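Below is one structure, written out as structure tokens; comments come after it.
The values are calculated or read from the model by the stated rules, or taken from the named source; none is laboratory data. Just so it is clear, the structure is predicted and the values come from calculations on it, not from any experiment. In this analysis, Cβ positions are derived from the backbone assuming ideal geometry, glycine residues included, and neighbour counts consider all displayed protein chains.
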Amino acid sequence: MTTRIASLLPSATEILCALGMREQLVGRSHECDFPSDVTAVRSLTRSHVKHEAVSGDIDLDVRRILREVLAIYEVDVEALKDVAPSVVVTQNLCDVCAVSLSDVERALKEIASEVQVVSLSPTRLSEVWDDVRRVGSVLGMERMAGRVVADLEARLDLVRSRAAIADTRPSVLTIEWLDPVMIGGMWMPELVELAGGVPLVTAAGDHAPTLDEDALRELEPDMVLIKPCGFNLARTRAEASALCALLDRLGWKAWQEGRVYLADGNAFFNRPGPRLAESLEIMAACVHPELFDDMAEAHSSDYGRLRP
């Protein structure tokens, strides 16, 4: 019997496709958009947040929904029933990022069908690779999962070895939300270190903290990477004027000397899946541009400098 898979998490969809399971995918979340052909798969979730708003208003909307004890995302129970999955891959890490495990479990009770649920909640790179292996094991694709992980680890090792010859290790601040400013945690400090930098504020596995302007002003990063969760590069550039005003007030030397970068935070960095390898390559091109000009060229459409 063919396995019918519903993925309610963009990174899980990318993992499934990397394992060669695209044809078994019968449902996806409304945010799953890579590889591009998965948008033809039926969407099973919807959001109650106004994503077209500026980042500050999105944050207020999310906080209002949570304060009212409502779900940010909703599972379309009828659609779930129609696609009749035998396996559902979801998450139990961040209710702001994707549909919650509890909401998925409630929806599955309504369809009254036997479904295997695989819930992912990685906070470090090793746990992301473990999730690839776990999904592969559930689907009988252990060997393929092993090959995928080996390839990803080889790409990370290549960047690490090239960065190791750098004369300096710049301090790096990563920002994953604009208003309020949230600092990248989880696997982000590991990416910074692999790229030959020193992460500021967070350590591997930490959840993203929020810093006010006074706390930010006390920092003096050598390089800043801004990659808001869920925002592509154009969406982030749309808030460039507010960003520039903030950076002017902070007065960081990195800003004055052109070492502030914007990156596609929707496709990269914030999705714990195979494209963390590309994320590291972008990071390396920002931290040590003198060593990674090839990776800068390869990802030229995925990131760019923000200048005063």
Hey, PHE231 hits all of (1) within 20 Å of the chain's Cα centre (by Cα); (2) modelled with pLDDT of 95 or more; (3) within 17 Å of ILE183 (Cα to Cα) but one; which does it fall short on?
(2)
Against the conditions (1) without any contact (Cβ under 8 Å) to a residue 60 or more places away in the chain; (2) more than 21 Å from the chain's Cα centre (by Cα); (3) outside the structural domain of GLU281 (by TED's automatic domain parsing), where does ASP130 fall short? Just the number, please.
(2)
Taking the range 204-234 and keeping only residues that are free of Cβ contacts under 8 Å to residues at least 60 places away in the same chain, closer than 23 Å to LYS253 by Cα and among the hydrophobic types (A, V, I, L, M, F, W, C), one is left with LEU211, ALA215, LEU216, LEU219, VAL224
Here are ALA163, ALA107: which of them is buried (at least 16 other Cβ atoms within 10 Å of the Cβ), under 30 Å from PHE292 (Cβ atoms) and touching a residue at least 12 places away in the same chain (Cβ under 8 Å)?
ALA163
Among (1) at pLDDT below 95; (2) assigned to a strand (DSSP E or B); (3) assigned by TED's automatic domain parsing to the domain that holds PRO289; (4) not hydroxyl-bearing (Ser, Thr, Tyr), where does VAL172 come up short?
(1)
Just a yes or no: is a residue in the range 82-93 modelled with pLDDT under 70, assigned to a loop (DSSP other than H, G, I, E, B) and either under 30 Å from ALA238 (Cα atoms) or not assigned by TED's automatic domain parsing to the domain that holds LEU276 (or both)?
yes
Restricting attention to the range 205-215, does a residue exist that is among the aliphatic types (A, V, I, L, M) and at pLDDT below 95?
yes
Tell me, please, whether a residue that is farther than 30 Å from VAL88 by Cα and at pLDDT 95 or above can be found in the range 147-157.
yes
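Hand me the list of strands (runs of 3 or more DSSP E) wholly inside the range 194-308 holding 2 or more residues that are buried (at least 19 other Cβ atoms within 10 Å of the Cβ) and at negative phi. Step through it out loud before you land on a result.
On the way: elements: 223-226, 260-263, 303-305.
Because the criterion is at least 2 residues that are buried (at least 19 other Cβ atoms within 10 Å of the Cβ) and at negative phi, the strands (runs of 3 or more DSSP E) in the range 194-308 that meet it are 223-226, 260-263.
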Of the residues ALA150, ALA145, which single one is among the aliphatic types (A, V, I, L, M) and exposed (fewer than 13 other Cβ atoms within 10 Å of the Cβ)?
ALA150
